[in-house]
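Undergrad: What follows is a structure written as structure tokens; I'll ask about it next.
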Amino acid sequence: MEKKKLRIGLIGTGFMGRTHSNGFNRITNFFPNLAYEPVMQAVCSRNEEKVKAFAAQWGYASYETDWRKLIARDDIDAVDICTPNDTHAEIAIAAAKAGKMILCEKPLSRTLAEGEEMVREIEAAGVKNTTWYNYRRLPAVTLAKQIVDSGKLGRIFHYRANFLQDWTISPDLPQGGAGTWRLDVEAAGSGVTGDLLAHCIDTALWINGGITDVSAMTETFIKERVHTESGQVQKVGIDDACLFHCHFDNGSLGLFESTRYARGHKALYTFEINGEHASLRWDLHDLNRLEMYDHADESIVRGWKSILVTDGDQPYMDKWWVPGLSIGYEHSFVHQAADFLKSLETGEPCSPTFREALQTQKVCEAVIDSAKQKQWKDTNVEWPC
Ligand SMILES: NC(=O)c1ccc[n+]([C@@H]2O[C@H](COP(=O)([O-])OP(=O)(O)OC[C@H]3O[C@@H](n4cnc5c(N)ncnc54)[C@H](O)[C@@H]3O)[C@@H](O)[C@H]2O)c1
């Protein structure tokens, strides 16, 4: 049967532009049973020479240098936003008004108010939407969710997560511009809270449910940096490190830490969940493994076991190689692309929708406010939503 086409217009040709393009390109080979197939219709970035080369490299039929032109095209069904955070709202709202489906990179927005406006406009337009919180779609993380949902852990007491990096320790690094827009609060909205903890929060909401209130501290270790655009030394507005603790709706306690000043750590995302009967832990540096301690095991062999999540009956793995053979970071994007296409077939939302991603924004905003005001803050998260 001939497949239905989803004609994609991707905006932004940096890190995420590459992961998403790779994701779409793998669908036909590895998800042959989907009713829809992605068509790499157009890609957009501001530099013509670079975007032309990107289109040729990744197989896009055409290119644009102005995202407004891409959105105005009749031959684009879905707009994929892979640009810095300060562009998400404007592009997403324009795309929604043009009736396009939207796939948007995380964090949804710089601020909660911006995110709320996006959700209002996207829902008013009634367009299909999803946010790329891709770590959910690593097989070991999806398996952790399935194990918690099965009740095997019993009552949950603790959820703790870290996301540690070390790339901004040098005071010589500028803020703003290509490569360092994450250090500029105008472009990024926040530092590690929106960039890294947003991932941890999304996974935590998904696996462990709503977060009710938070108490946080943040630190900006390097207070001033040269701004790439002005050439002037300017105050740094982002949080370099953030620690917060929280309550979940289910009565468990959460503990989260993120920093870009943990020398030696490049992208160490870890989480651990402790329940009444069992515990789980996961580490991005060993992403195919899920560790589990099950108190129901016979006492003489009881201990942490390491599950290599590569068997065909484990999440997503029937699509790949044979048991025992690993997959990587990039596959989380292939899985999200496939799940989006599947959701067109089923008519179900593709989680996390903008509304779900807005709940992560609520936690991020409460964390930043709590750190500033040195007070506990309610998040007003609605979960499930
Ligand atoms: N899901 C994840 O794990 C993950 C990882 C990294 C980044 N991100 C998110 O993805 C987004 C992009 O991050 P990145 O690391 O790919 O950034 P990047 O700097 O590598 O790439 C950004 C791209 O956007 C282009 N761009 C910027 N402004 C534009 C405009 N007005 N019109 C057209 N193109 C424009 C740049 O030229 C560049 O090609 C951010 O929101 C970031 O938070 C998500």
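The values are calculated or read from the model by the stated rules, or taken from the named source; none is laboratory data. Quantities reported herein were computed from a predicted structural model and do not represent experimental measurements. Here Cβ is always computed from backbone atoms with ideal geometry, including for glycine, and neighbour counts include all displayed protein chains.
Undergrad: Considering only segment 326-354, state which residues are part of a helix (DSSP H, G or I) and surrounded by fewer than 21 Cβ atoms within 10 Å (Cβ to Cβ).
TA: Asp339, Lys342, Ser343, Leu344, Glu345, Thr346
Undergrad: Right, something else. Between Gly254, Gly237, which is part of a strand (DSSP E or B) and either surrounded by fewer than 20 Cβ atoms within 10 Å (Cβ to Cβ) or not basic (Lys, Arg) (or both)? Quick ask: steps written out before the conclusion?
TA: On the way: Gly237 fails: part of a strand (DSSP E or B).
Gly254 is the lone residue from the list that is part of a strand (DSSP E or B) and either surrounded by fewer than 20 Cβ atoms within 10 Å (Cβ to Cβ) or not basic (Lys, Arg) (or both).
Undergrad: Only one of (1) more than 20 Å from Ala357 (Cβ to Cβ); (2) crowded, with 22+ Cβ neighbours inside 10 Å is not met by Ile222, so which one is it?
TA: It fails just one condition, (2).
Undergrad: If you go through segment 141-185 one residue at a time, how many are more than 14 Å from Thr203 (Cβ to Cβ), within 16 Å of the ligand (Cβ to nearest atom) and outside any loop (DSSP other than H, G, I, E, B)?
TA: Residues that pass the stated criteria total 6.
Undergrad: Determine whether Ser45 is small (Gly, Ala, Ser) and more than 9 Å from the ligand (Cβ to nearest atom).
TA: So Ser45 does not fit the description; no.
Undergrad: A further question follows. Tally the residues that are surrounded by fewer than 23 Cβ atoms within 10 Å (Cβ to Cβ), in a strand (DSSP E or B) and under 20 Å from the mean Cα position of the chain (by Cα), restricting the search to segment 240-251.
TA: First, the residues of segment 240-251 that are surrounded by fewer than 23 Cβ atoms within 10 Å (Cβ to Cβ): 240-241, 243, 245, 247-251.
Next, from what is left, pick out any that are in a strand (DSSP E or B): 241, 243, 245, 247-248.
So of that shortlist, the ones also under 20 Å from the mean Cα position of the chain (by Cα) come out as 241, 243.
Of the residues in segment 240-251, 2 are surrounded by fewer than 23 Cβ atoms within 10 Å (Cβ to Cβ), in a strand (DSSP E or B) and under 20 Å from the mean Cα position of the chain (by Cα).
Undergrad: Please name all residue pairs, on different chains or six or more residues apart, with Cβ atoms under 6 Å, provided the first residue is in segment 1-13 and is more than 20 Å from Ala56 (Cα to Cα) and the second residue is assigned to a loop (DSSP other than H, G, I, E, B).
TA: Lys4/Ala35
Undergrad: Anything in segment 273-325 that is surrounded by 12 or more Cβ atoms within 10 Å (Cβ to Cβ) and of a type in the set (A, V, I, L, M)? List them, or say none.
TA: Scanning segment 273-325 gives Ile273, Ala278, Leu280, Leu284, Leu287, Leu290, Met292, Ile307, Leu308, Val309, Met317.
Undergrad: How many of the residues in segment 89-117 are assigned to a helix (DSSP H, G or I), out of contact with any Ser or Thr (no Cβ under 6 Å at 6 or more places or on another chain) and closer than 25 Å to Thr19 by Cα?
TA: The number of residues fulfilling the criteria is 7.
Undergrad: Which one of the conditions (1) without any contact (Cβ under 8 Å) to a residue 40 or more places away in the chain; (2) under 30 Å from Ser150 (Cα atoms); (3) of a type outside the set (Lys, Arg) does Glu224 fail to meet, given that it meets all the rest?
TA: All conditions are met except number (2).
Undergrad: Applying the selection to segment 51-71, what residues are within 14 Å of the ligand (Cβ to nearest atom) and either farther than 15 Å from Gly17 by Cβ or surrounded by fewer than 18 Cβ atoms within 10 Å (Cβ to Cβ) (or both)?
TA: Lys52, Ala53, Gln57, Thr65, Asp66, Arg68, Lys69, Ile71
Undergrad: Criterion first (more than 13 Å from the ligand (Cβ to nearest atom), of a type in the set (Val, Ile, Thr), without any contact (Cβ under 8 Å) to a residue 24 or more places away in the chain and surrounded by fewer than 20 Cβ atoms within 10 Å (Cβ to Cβ)) does Thr111 satisfy it?
TA: no
Undergrad: Kindly indicate whether any position in segment 78-91 is more than 13 Å from the ligand (Cβ to nearest atom) and in contact with a strand residue (DSSP E or B) (Cβ under 9 Å, 6 or more places away or on another chain).
TA: Checked segment 78-91: at least one residue is more than 13 Å from the ligand (Cβ to nearest atom) and in contact with a strand residue (DSSP E or B) (Cβ under 9 Å, 6 or more places away or on another chain).
Undergrad: Limited to segment 19-40, what total is found for residues that are under 17 Å from Cys82 (Cβ atoms), of a type in the set (S, T, N, Q) and away from the ligand (no atom under 16 Å from the Cβ)?
TA: Of the residues in segment 19-40, 1 are under 17 Å from Cys82 (Cβ atoms), of a type in the set (S, T, N, Q) and away from the ligand (no atom under 16 Å from the Cβ).
Undergrad: Assuming Ser230 fulfils every condition listed in (1) modelled with pLDDT of 95 or more; (2) closer than 29 Å to Leu183 by Cα apart from one, which condition is it?
TA: (1)
Undergrad: Let me ask something else about it. Working only within segment 197-231, note down all residues that are closer than 20 Å to Arg155 by Cα and assigned to a helix (DSSP H, G or I).
TA: Of everything in segment 197-231, those that are closer than 20 Å to Arg155 by Cα and assigned to a helix (DSSP H, G or I) turn out to be Ile201, Thr203, Ala204, Leu205, Trp206, Ile207, Asn208.
Undergrad: Taking Glu48 as the residue in question, decide whether it is outside the structural domain of Asp339 (by TED's automatic domain parsing), touching a residue at least 12 places away in the same chain (Cβ under 8 Å), buried (at least 24 other Cβ atoms within 10 Å of the Cβ) and among the charged types (D, E, K, R).
TA: Spelling it out, it is not the case that Glu48 is outside the structural domain of Asp339 (by TED's automatic domain parsing), touching a residue at least 12 places away in the same chain (Cβ under 8 Å), buried (at least 24 other Cβ atoms within 10 Å of the Cβ) and among the charged types (D, E, K, R).
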